Structures are given as C-alpha cells and as structure tokens.
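Peer 1: My structure is below; once you've seen it, I'll send some questions.
The values are calculated or read from the model by the stated rules, or taken from the named source; none is laboratory data. As the structure is a computational prediction, the values presented were derived from the model and not from experiment. Note: ideal-geometry Cβ built from the backbone for every residue, glycine included; neighbour counts use all protein chains shown.
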Amino acid sequence: MPAEVVYDKQRLRRARFAVAAVFCVHGAVTGSFATRIPWIQDHAGISAGQLGLALAFPAIGASVAMPLASGISHRFGSRNALRVLLALWTLALTLPSLAPNLVALCAALFVYGAASGLSDVVMNALGVEVENRLDKSIMSSLHGMWSTGALIGSAAGTLAAHLGSDARLHHLLAATVLTVLGLLACQAVLDLRSAPEEDPPPRFALPPKSALLIGAIGFCAVFAEGASLDWSAVYLRDVLDTSPGVAAASTTAFALTMAVARLAGDRVIDRFGAVRTVRTGGALAVVGGLLVVTAPQPVVAMGGFAFLGLGVAVVVPLAFAAAGRAGPNPSQAIAGVATITYTSGLIAPSAIGAVADATSLVVSFGLVTLLACGLMVGAGVLRTGDRRTVATATDPTTTPAPAPTPEA
C-alpha cells in the first residue's frame, strides 16, 4: 500500500487554477468549432440531413475512445497524458474545416470527438483529485470555466464568420493559440502516477458498476441540457410563434444561465451537500419543464428554460466528482460516467425530434420534465463519502507536509 502524499495549500491552489485553465481551453475548442459549422457544411457540399449524420460522429468517437483514458493516464502519468491529449484535442480543431466531402468530414469528426473524450476524462479526474485534497467543492466552477471557454470561442468564431474569414485559417490560428495556452496550463497540474506495484487497468475498460447509477443521473441532466440547447429556439418559434431573434435569445440565455450557475455552484454544494443540491436542482428543473409545456406566451417559456438551466447546471460536475470517489480507479469510473453522459447528449436532440414528429414539441418537453424527476429520485447515489482520499499516486515535484511537532 503506497504512502499518502500530502500537498501544501499553495501547490493545490496552483493546481486548481491550472486545471481551471485547461477546462477553459477545452471549452474554447468546442465554441470555435460550433460557430463555423455552416461554413464547414458549405465547404463539404453536404445537405442538412448529411450534416446531421456527420455531427453524430464526435459523440461516437468520444464514446469509443474514453474507456482508453484510464490506461493512458496510468502508463504515462496524469500530467504527461493531459499534455498530449489536450494538444491532440486543440489541434483536432483544424480537421473538420479541411474535409472536402461527407466521408472525410465524418472521419475528421470521429477523430475530433475521440480527442475530446480522452482529454475530457483525464482533466475531470485531475479536477476530482484537487477537489478531494482541498476538501471543498470545485467541480462545478471547473465546468463553469468550460462553459466560459465555450462562450469565448463562440464569440471569436462569430466575429470570424461576420468578417467572412476562411474557417481553415480561423481554426488554424485558434488551434495554435489554444495549444500553446493548454501546454502552459498543464505545467502546473498535479502529476499523479500509479504506484509501481499497482496492477495496470485494462487497455479498454468498460464502465464499472459503481458508475452506472451515477451515470444515470448524469444522463437525465444532459438529456435536459441537450434538448434545451438544441430545441429551445425551435420551441419558441414553432409552438409560441415568436420572432427568430427572440427565439435565438432563449438559447443564448439558457447557455449563460448554465455558465453562471456552474461558476457559483461550489458554494451552494459546500453548504448544502451534493444530494440536497441535486434534489433541489431537480425540483427547479421540473418547475422549468412544466412552465415550458404550459407556457401561454414566450416570456413564460423563456423563464422555464432558465429554470431548467439552473436545475441541471451542477449535476454533471457532481456526477464526475462522485464517480471519482466511488471506486479504486477514478479515471475508469469517470470514463464510464462520461460515456453515459455523452450518449445522452448524442440521442437527446434526435429523440426530441422523433417524439415531436410523432406527437408535438410540447409532448417532447413533457418527456424532459419526466426525466428531470429522476434527479430528485436518484440524487442519493451521489452520496459517496468524504472527499479526503488516501493518495495512490506520487508527485515528484510535490513537497510533503512536515510531520507534526509533538507538544511539550
């Protein structure tokens, strides 16, 4: 059994800021890509239906690759693994805009998604380790930094699109800047390494049982998030007959609500605990869903989407944190939860569309409301004990805390 490694507070604070910067860089890649999708569609010469098919491949690539993350981190150490995987992710931003046709675009997006998923697992595992050692919640604000990065990337992409710039040049420049920033941030993250006598995890690890129930909670939250992000504007336009500008504003407002709630969520979690926070969030999400499906006018529906955003904002960060404390291999458990949540994000938009085609968008968001009830019912699985954990890794750059001096 390896000895516990004790980190001084200053080292842990640097590691916290570093991993927050990593989350921000990761989110900025997503925002940079999303704003140039119309350009990529035109360049590849594909229809809307073909684009929809291509956009499924990032989630497929991530789901396939994430079970590999635990083995990579075990073999190379968390810092080296994150350096390489985050750089692969930032550089993968250049691939979709180079694709000349549908097949090439699907392949590029598969690689793009795989790089995203691998780096996502490692950075979340590092975030959980820092949270455990600080013994206070930080995962919500880390995911808030991801949302902030996505907003920054989206703003830069919107400007580039407004100026009519070539997405290949835009993404090359963005990838270069983000790669440099990511490598700088990785210098200060914890370098966690497995003990020499510890058996390596399988090269391809399926989600452990402990991750399945936690992942189910994440599934409900991500389904509501994905449905709201992708369909809120359509809902206001088609169901409540609003203008395109007001409909688009609802999506932006939902994203901002999510970001603000995550940035502020750690104080709430530390005060009330994960279980009570998620149950309360689930209740807010249910109220939001009911407001959406019963809204007589747009302002009520926009309020409903805001409540949905507030209700689900901190659930996924808490699911990752709980997974990291649920078993002996945090990376493997986090990969399992991430795989489930990515799957939810993949199927949510199409499931909402399919239900709407068969019935109506109102019924679709009735389904979202029903899943939000699952947050209240299942919140107890996030109760996984104390954050303090015995370290199973060593960091050669860390100075152990001095032994206590006996009292006279």
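Peer 1: Out of curiosity, is residue 217 surrounded by 21 or more Cβ atoms within 10 Å (Cβ to Cβ), modelled with pLDDT of 90 or more, farther than 17 Å from residue 369 by Cβ and not assigned by the TED database to the domain that holds residue 16?
Peer 2: Details: surrounded by 21 or more Cβ atoms within 10 Å (Cβ to Cβ): yes; modelled with pLDDT of 90 or more: yes; farther than 17 Å from residue 369 by Cβ: no; not assigned by the TED database to the domain that holds residue 16: yes.
The answer is no for residue 217.
Peer 1: Just to check your reading of the model, which residue among 363, 381, 368 is closer than 12 Å to residue 227 by Cα and either at pLDDT 85 or above or assigned to a loop (DSSP other than H, G, I, E, B) (or both)?
Peer 2: Numbers: 363 fails: closer than 12 Å to residue 227 by Cα; 381 fails: closer than 12 Å to residue 227 by Cα.
Within the list 363, 381, 368, the selection yields 368.
Peer 1: Also: Output the residue which, of all residues in the stretch 53-79 that are surrounded by fewer than 19 Cβ atoms within 10 Å (Cβ to Cβ) and more than 21 Å from the chain's Cα centre (by Cα), is nearest to residue 110 (Cα to Cα).
Peer 2: Filtering the stretch 53-79 for residues that are surrounded by fewer than 19 Cβ atoms within 10 Å (Cβ to Cβ) and more than 21 Å from the chain's Cα centre (by Cα), the one nearest to residue 110 (Cα to Cα) comes out as 53.
Peer 1: Among the numbered criteria (1) surrounded by 16 or more Cβ atoms within 10 Å (Cβ to Cβ); (2) over 29 Å from residue 318 (Cα atoms); (3) touching a Phe, Trp or Tyr at 6+ places or on another chain (Cβ under 9 Å), which one does residue 166 miss?
Peer 2: It is condition (1) that residue 166 fails.
Peer 1: Find the residue count for the stretch 276-301, including only residues that are assigned to a helix (DSSP H, G or I) and surrounded by fewer than 16 Cβ atoms within 10 Å (Cβ to Cβ). I'd like the intermediate steps shown before the answer.
Peer 2: Going residue by residue through the stretch 276-301, those that are assigned to a helix (DSSP H, G or I) are 276-294, 298-301.
Next, from what is left, pick out any that are surrounded by fewer than 16 Cβ atoms within 10 Å (Cβ to Cβ): 276, 294, 299-300.
Final tally of qualifying residues: 4.
For every residue, the table says whether it meets (1) among the acidic types (Asp, Glu); (2) modelled with pLDDT of 90 or more; (3) under 17 Å from residue 35 (Cα atoms).
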{"position": "155", "(1), (2), (3)": "no, no, yes"}
{"position": "168", "(1), (2), (3)": "no, yes, yes"}
{"position": "171", "(1), (2), (3)": "no, yes, yes"}
{"position": "181", "(1), (2), (3)": "no, yes, no"}
{"position": "193", "(1), (2), (3)": "no, no, no"}
{"position": "212", "(1), (2), (3)": "no, no, no"}
{"position": "224", "(1), (2), (3)": "no, yes, no"}
{"position": "236", "(1), (2), (3)": "no, no, no"}
{"position": "243", "(1), (2), (3)": "no, no, no"}
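Peer 1: Also, quick follow-up: Given the conditions (1) touching a residue at least 12 places away in the same chain (Cβ under 8 Å); (2) of a type outside the set (Asp, Glu); (3) closer than 28 Å to residue 83 by Cβ, which single one is not true for residue 10?
Peer 2: Status for residue 10: all satisfied but (1).
Peer 1: OK, next. Any chance you could count how many residues in the stretch 247-288 are among the β-branched types (Val, Ile, Thr), under 19 Å from residue 139 (Cβ atoms) and in contact with a Leu (Cβ under 8 Å, 6 or more places away or on another chain)?
Peer 2: 5
Peer 1: Right, something else. Could you look through the stretch 131-153, keep only residues that are of a type in the set (S, T, N, Q) and within 16 Å of the chain's Cα centre (by Cα), and pick out the one that is surrounded by the most Cβ atoms within 10 Å (Cβ to Cβ)? Break it down stepwise before answering.
Peer 2: Filtering the stretch 131-153 for residues of a type in the set (S, T, N, Q) gives 132, 137, 140-141, 147-148.
With within 16 Å of the chain's Cα centre (by Cα) added as a condition, the list becomes 140-141, 147-148.
Numbers: 140: 28, 141: 23, 147: 24, 148: 21.
Looking at the filtered set, the residue picked out is 140.
Peer 1: Is there a residue being within 20 Å of residue 31 (Cβ to Cβ) and either modelled with pLDDT under 90 or not assigned by the TED database to the domain that holds residue 148 (or both) anywhere in the stretch 262-275?
Peer 2: The initial filter retains those residues of the stretch 262-275 that are within 20 Å of residue 31 (Cβ to Cβ), namely 262-263.
Then keep just the ones that are either modelled with pLDDT under 90 or not assigned by the TED database to the domain that holds residue 148 (or both); that gives 262-263.
Among the residues of the stretch 262-275, at least one is within 20 Å of residue 31 (Cβ to Cβ) and either modelled with pLDDT under 90 or not assigned by the TED database to the domain that holds residue 148 (or both), which makes the answer yes.
Peer 1: Here's something else I'd like to know. Which of the residues that make up the stretch 352-380 are of a type outside the set (Gly, Ala, Ser), under 23 Å from residue 215 (Cα atoms) and surrounded by 13 or more Cβ atoms within 10 Å (Cβ to Cβ)? So that I can check it myself, show each step before the final result.
Peer 2: Kept after step one, since they are of a type outside the set (Gly, Ala, Ser), are these residues of the stretch 352-380: 352, 355, 357, 359, 361-363, 365, 367-371, 373, 375-377.
Going one step further and asking which of them are under 23 Å from residue 215 (Cα atoms), we end up with 352, 365, 367-371, 373, 375-377.
Selection gives 352, 365, 367, 368, 369, 371, 373, 375, 376.
Peer 1: Go through the residues of the stretch 81-103 one by one and say whether even a single one is surrounded by fewer than 19 Cβ atoms within 10 Å (Cβ to Cβ), in contact (Cβ under 8 Å) with a residue 60 or more places away in the chain and of a type in the set (S, T, N, Q).
Peer 2: no
Peer 1: Another question, then. Pick from 107, 115, 125: which is surrounded by fewer than 22 Cβ atoms within 10 Å (Cβ to Cβ) and in a helix (DSSP H, G or I)? Don't jump to the end; show me each part of the working.
Peer 2: Values: 115 fails: surrounded by fewer than 22 Cβ atoms within 10 Å (Cβ to Cβ); 125 fails: surrounded by fewer than 22 Cβ atoms within 10 Å (Cβ to Cβ).
That would be 107, the only listed residue that is surrounded by fewer than 22 Cβ atoms within 10 Å (Cβ to Cβ) and in a helix (DSSP H, G or I).
Peer 1: Can you confirm whether residue 237 is without any contact (Cβ under 8 Å) to a residue 12 or more places away in the chain, farther than 11 Å from residue 305 by Cα, basic (Lys, Arg) and part of a helix (DSSP H, G or I)? Quick ask: steps written out before the conclusion?
Peer 2: On the way: without any contact (Cβ under 8 Å) to a residue 12 or more places away in the chain: yes; farther than 11 Å from residue 305 by Cα: yes; basic (Lys, Arg): yes; part of a helix (DSSP H, G or I): yes.
So residue 237 fits the description; yes.
Peer 1: Another question, if that's okay. Tally up the residues in the stretch 81-104 that are over 14 Å from residue 22 (Cβ atoms) and in a helix (DSSP H, G or I), please. Walk me through it before giving the result.
Peer 2: Residues of the stretch 81-104 that are over 14 Å from residue 22 (Cβ atoms), as a first pass: 91-104.
Filter again for in a helix (DSSP H, G or I), leaving 91-92, 96-98, 102-104.
So the count comes out to 8.
Peer 1: Determine if the stretch 302-325 includes at least one residue that is out of contact with any Cys (no Cβ under 9 Å at 6 or more places or on another chain), among the aromatic types (Phe, Trp, Tyr), buried (at least 24 other Cβ atoms within 10 Å of the Cβ) and closer than 19 Å to residue 140 by Cβ. Break it down stepwise before answering.
Peer 2: Filtering the stretch 302-325 for residues out of contact with any Cys (no Cβ under 9 Å at 6 or more places or on another chain) gives 302-311, 313-314, 316-325.
From what's left, among the aromatic types (Phe, Trp, Tyr): 305, 307, 320.
Okay, now just the ones that are also buried (at least 24 other Cβ atoms within 10 Å of the Cβ), so 305, 320.
Filter once more, keeping what is closer than 19 Å to residue 140 by Cβ: 320.
Looking for residues that are out of contact with any Cys (no Cβ under 9 Å at 6 or more places or on another chain), among the aromatic types (Phe, Trp, Tyr), buried (at least 24 other Cβ atoms within 10 Å of the Cβ) and closer than 19 Å to residue 140 by Cβ, one finds at least one in the stretch 302-325, hence yes.
Peer 1: I'd like the full set of residues that are under 22 Å from residue 19 (Cα atoms) and not basic (Lys, Arg), limited to the stretch 305-325. Give the derivation first.
Peer 2: Kept after step one, since they are under 22 Å from residue 19 (Cα atoms), are these residues of the stretch 305-325: 313-325.
Once the filter is applied, which keeps residues that are under 22 Å from residue 19 (Cα atoms) and not basic (Lys, Arg), the stretch 305-325 yields 313, 314, 315, 316, 317, 318, 319, 320, 321, 322, 323, 324.
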